[in-house]
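First the structure, in the form of structure tokens, and then the observations on it.
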Amino acid sequence: MKESEIEEIVLGSVLNDKEAQVEFFNLIQTLDVFSERTNYLVAESIKRLYDNGDPIDVVTVVKDLQKAGRIKEVGGSIVVAKLSSKVSSAAHVEIHIRLLLENYIKRGVAAFAQRLLSTSLSETADVFEQVAMVQNGLDSLLSQSLISDEQSIGDILKEESLKWEVENKSKMAGISTGIYRVDEAIGGLVETDL
């Protein structure tokens, strides 16, 4: 399957399905994963709508592209509508997004390798600087394409403990139920309640 086809399948899924939208925004860290200019512009519009809290579908994307003055650049509203019709189900969108990310990483590695080759044969280039450049380049590429907001369980426990201490300034014996009068009457939920 061609790279552009995978991009179109992902975009079509996002246009058609709310769950695909959630998956898209959970997995895609950069819009540079889209190599085709048209697909990039559509993805940019989708992200703009998402960031503004607006609904995402063919109509809203077309309107957003018109507002941004990009509708002609993508080929018109018919191109956006065709993206939506390319997908009958968004059931496998996560697999398609991962293929999209894989292609992005391959392009990045190829571009990075090209830069490395062009400098590696230089008599004046420091080999240790080049090794550092390789490490930094690969780290950068991976950080742009992989989910980076994972936390260790220890960090999560520390965070929750600090939140509890801040919330517990009211001298409650336990954790707040979220209902002021109940908390006041029973002092919050304690370990035996949980």
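Among the criteria (1) open to solvent by less than 70 Å² (accessible area, probe 1.4 Å); (2) modelled with pLDDT under 80, the one residue 123 does not fulfil is (1).
For residue 42, the conditions (1) open to solvent by less than 30 Å² (accessible area, probe 1.4 Å); (2) at pLDDT below 95; (3) within 22 Å of the chain's Cα centre (by Cα) all hold with the exception of (2).
Number of residues in the range 14-42 that are hydrophobic (A, V, I, L, M, F, W, C) and within 20 Å of residue 106 (Cα to Cα): the value is 6.
In the range 66-80, which residue that is β-branched (Val, Ile, Thr) and open to solvent by 40 Å² or more (accessible area, probe 1.4 Å) is farthest from residue 38 (Cα to Cα)? Applying the filter and picking the extreme gives 78. If you go through the range 93-119 and keep only what is within 15 Å of residue 142 (Cβ to Cβ) and either open to solvent by 90 Å² or more (accessible area, probe 1.4 Å) or charged (D, E, K, R) (or both), you end up with 98, 102, 106, 107.
Kindly establish whether residue 171 is of a type in the set (Lys, Arg), more than 34 Å from the chain's Cα centre (by Cα) and modelled with pLDDT under 75. Yes: the conditions hold for residue 171.
For the range 135-146, the criterion of a residue being under 14 Å from residue 33 (Cα atoms), modelled with pLDDT under 80, open to solvent by 50 Å² or more (accessible area, probe 1.4 Å) and outside any helix (DSSP H, G or I) is satisfied by at least one position.
When only residues in the range 11-63 that are of a type in the set (A, V, I, L, M, F, W, C) and free of Cβ contacts under 8 Å to residues at least 24 places away in the same chain count, which is nearest to residue 80 (Cα to Cα)? Applying the filter and picking the extreme gives 62.
The values are calculated or read from the model by the stated rules, or taken from the named source; none is laboratory data. Remember, it's a predicted structure, so these values are computed and weren't measured experimentally. In this analysis, Cβ positions are derived from the backbone assuming ideal geometry, glycine residues included, and neighbour counts consider all displayed protein chains. To get the accessible areas, we keep the full protein, side chains included, count just its heavy atoms, and leave off ligands, DNA and RNA. Shrake-Rupley method; radii C 1.70, N 1.55, O 1.52, S 1.80 Å.
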